[in-house]
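The structure appears below as structure tokens.
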Amino acid sequence: MLNENIKAIRKSKGLSQQELAVKLNVVRQTISKWEQGLSVPDSDMLISISEVLETPVSTLLGETVIQAEADNLKAISEKLEVINLQLAQRKTTRRKMIRWLLTSLCVIIVMVFAALAILNSPYLGWDYSDPETAVLGVAFHSFEWLFVRTAPIIFIIAVIGIFLTRKKE
């Protein structure tokens with residue numbers, strides 16, 4: 001009777017043998033032996049079991065406890081609800097992060113365009129007889145050429161991404 005009650009109450013609380021063993025500071029095999037009726041816990045351990053399972057000792061020692069299917073379904077539904085909330089929160093956080101990154105990208109593109117407009121292609125007036133200036137001028141011209149051609153496409157894609165990651169209500 002004790003063995004069946006320990007097993008039924010443990011399962012109704014949603015605990016595995018390993019989890020109960022950890023809470024009681026015993027090995028899983030000890031729990032298995034108790035539940036199979038191969039051994040019985042001493043009085044101190046019985047009190048510890050009742051505390052962990054939140055069940056009076058008299059219930060552990062009393063009549064057979066009927067494991068309620070409703071308790072199992074309720075425990076499963078509560079766990080699924082928690083998992084669903086965690087997944088929804090993770091999805092919202094990811095959406096906010098992507099939206100923030102895309103907004104930052106748009107701001108950076110606008111700032112670089114503004115800087116290029118203010119500088120008005122200064123590399124055209126550089127003295128290219130100096131090798132360092134020539135390399136720097138070619139590098140700056142290459143960056144500007146590539147940026148002016150690709151930035152509008154990236155900007156449009158980022159704006160579309162911001163639109164798609166907005167909060168849907």
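The values are calculated or read from the model by the stated rules, or taken from the named source; none is laboratory data. Since the model is a prediction, treat every value here as computed from it, not as a measurement. Virtual Cβ from ideal backbone geometry, glycine too; neighbours counted across all protein chains shown.
List every residue pair whose Cβ atoms lie under 8 Å apart, where the two residues are 6 or more positions apart in sequence or sit on different chains, the first residue falls within the range 36-63 and is under 16 Å from Asn25 (Cα atoms) and exposed (fewer than 12 other Cβ atoms within 10 Å of the Cβ), and the second residue, located anywhere, is among the β-branched types (Val, Ile, Thr) and modelled with pLDDT under 85.
From the range 36-63, no pairs qualify.
Out of curiosity, is Asn5 of a type in the set (S, T, N, Q) and within 25 Å of Ile76 (Cα to Cα)? So that I can check it myself, show each step before the final result.
On the way: of a type in the set (S, T, N, Q): yes; within 25 Å of Ile76 (Cα to Cα): yes.
Taking the combined requirement at face value, the residue satisfies it.
How about the range 78-109: which of its residues are surrounded by 12 or more Cβ atoms within 10 Å (Cβ to Cβ) and over 17 Å from Thr165 (Cα atoms)?
Filtering the range 78-109 for residues surrounded by 12 or more Cβ atoms within 10 Å (Cβ to Cβ) gives 95-96, 98-103, 105-106, 108-109.
Hits for the range 78-109 are Ile108, Ile109.
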